[in-house]
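**Q** One structure follows; several queries about it will come next.
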Amino acid sequence: MKKENRPVIGITTCIMAHSQKRYAAVSDGYIRSVHEAGGLTMLLPMVCDPDVLGSYLKLIDGLLLTGGNEEISPQLYGEDPMCNVDCINSERDSCESQLLQLAVACGMPVLGICRGMQLMNVAGGGTLYQDIFSQLEHPLGHMPKAMPVDALYHRVKLLEASILRRIFGTETLMVNSFHHQAVKRVADSFIVTARAEDGIIEAIEHKEHPFAVGVQWHPEDLTRKHRHFLRLFETFVEVAGDRNE
Ligand code: MN
């Protein structure tokens with residue numbers, strides 16, 4: 001048997017500079033949530049070599065595309081950056097896009113969180129609002145600066161026929177929100193499965209792939225205080241495990 005019963009979830013990392021050093025970093029919430037959901041974690045370094053990425057893919061059962069401050073390069077959807085889009089990391093874009101492509105091609109479950117969801121959409125040919133607060137007329141709050149990461153902030157409505165609706169068993173869900181960008185045109189291969197009251201897209205799911213789900217909020221920061229969010233990770237880990245039976 002290739003693995004023990006715990007599916008391995010590959011988690012994408014980013015580079016963080018601190019005290020003149022560069023660290024491969026990931027928010028601990030992702031790791032803790034996957035562990036609590038019954039999975040093992042493998043942190044995926046930001047390398048752009050397709051052979052290396054392919055080798056990493058063979059070691060994991062599910063791919064978690066994480067969030068982060070770095071905006072996806074607007075060049076990837078044919079635009080130049082607006083003035084407040086100032087934290088672009090093309091290397092990360094490229095590395096994560098390649099991982100995603102490899103994962104989708106082999107039917108591996110993918111969970112994209114915040115930036116991860118936006119990456120799934122752009123990699124699939126969709127576009128983003130670079131800044132919802134200047135590009136949309138009446139956006140509600142999506143980026144509360146002084147709220148804790150585990151604070152429920154706004155409602156989202158879940159589409160009836162969706163994986164998320166099955167997972168949470170409710171039409172309306174309160175979520176946290178820390179984003180100034182959002183999906184604009186949805187990639188052809190995805191459907192919208194959650195929206196905020198102002199129409200902002202809060203979740204997408206792949207039309208054909210058994211589990212390629214993106215959420216705009218941060219469930220990994222909610223699993224401790226609001227336990228029902230762990231169900232998303234449990235389902236993800238379970239589907240990842242099913243593939244190898
Ligand atoms: Mn939001």
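The values are calculated or read from the model by the stated rules, or taken from the named source; none is laboratory data. All of these numbers come straight from a predicted model, not from anything done at the bench. All Cβ positions, even for glycine, are placed from backbone atoms using ideal geometry, and neighbour counts span all protein chains on display. Heavy atoms of the whole protein, side chains included, go into the accessibility calculation; ligands, DNA and RNA do not. Shrake-Rupley method; radii C 1.70, N 1.55, O 1.52, S 1.80 Å.
**Q** Extending each Cα 7 Å along its Cβ direction at residue 84 and residue 146, get the distance between those two points in nm, one decimal.
**A** Label at residue 84, label at residue 146, 1.8 nm between them.
**Q** According to a simple spin-label model (label point 7 Å from Cα along Cα-to-Cβ), what is the distance in nm between residue 20 and residue 186?
**A** Result for the modelled spin labels: 5.1 nm.
**Q** Tell me what the chain gives for mean residue ellipticity at 222 nm when only DSSP H runs of n ≥ 4 count, each as -39,500 (n - 2.57), the sum divided by the residue total, rounded to 500 deg cm²/dmol.
**A** The helix contribution divided over the chain gives -8000 deg cm²/dmol.
**Q** Additional query: Between 163, 15, 132, which gets the highest mean-square fluctuation from a Gaussian network model of the chain, Cα cutoff 10 Å?
**A** The residue with the greatest mean-square fluctuation here is 15.
**Q** Roughly how big is segment 100-179's charge dipole about its Cα centre, with Cβ charges of +1 (Lys, Arg) and -1 (Asp, Glu), in debye to the nearest 20?
**A** 140 debye
**Q** Accessible area, 1.4 Å probe, largest first: how do 153, 129, 23 sort?
**A** Descending order: 23, 153, 129.
**Q** Just to verify a number: what accessible area does residue 211 come out at with the full protein assembly present, 1.4 Å probe, Å² rounded to tens?
**A** That residue has around 0 Å² of solvent-accessible surface.
**Q** Something else: May I ask you to derive the FRET efficiency for residue 48 and residue 134 from their Cβ-Cβ distance with R0 = 41 Å, giving the value to the nearest 0.05?
**A** About 0.80, to the nearest 0.05.
**Q** Suppose R0 equals 25 Å; then what is the FRET efficiency for residue 171 and residue 207 from their Cβ-Cβ distance, rounded to the nearest 0.05?
**A** That gives a FRET efficiency of 0.75.
**Q** Using a 1.4 angstrom probe, figure out how much accessible area the chain has per residue, in square angstrom, rounded to the nearest whole.
**A** Dividing the accessible area of the chain by its residue count gives 47 Å².
**Q** Turning to a different aspect of this structure: Could you identify which residue out of 67, 29, 116 has the top mean-square fluctuation in a GNM of the chain using Cα springs shorter than 10 Å?
**A** Comparing 67, 29, 116 in the GNM, the peak value goes to 29.
**Q** Using a ≥ b ≥ c from the Cα gyration tensor of segment 8-242 (square roots of the eigenvalues), is it rounded, prolate or oblate, where a/c under 1.5 gives rounded and otherwise the larger of a/b and b/c decides, a/b for prolate?
**A** Because its axes are fairly even, with a/c under 1.5, segment 8-242 counts as rounded.
**Q** Per the 1.4 Å probe, what fraction of the accessible area of the chain, in percent, lies on carbon and sulfur atoms?
**A** Summing carbon and sulfur atoms, their accessible area is 51 percent of the total for the chain.
**Q** Rounded to the nearest 5, what is the percent of antiparallel bridges among the DSSP beta bridges in the chain?
**A** Among the beta bridges of the chain, antiparallel pairing accounts for roughly 60 percent.
**Q** Among all lysine pairs in the chain that are eight or more places apart or on different chains, how many have alpha carbons less than 19 angstrom apart?
**A** Lysine pairs meeting both conditions in the chain amount to 5.
**Q** Taking the Cα centre of segment 8-242 as origin, work out the dipole magnitude from +1 charges on Lys and Arg Cβ and -1 charges on Asp and Glu Cβ, in debye rounded to 20.
**A** Computed about the Cα centre, the dipole is about 520 debye.
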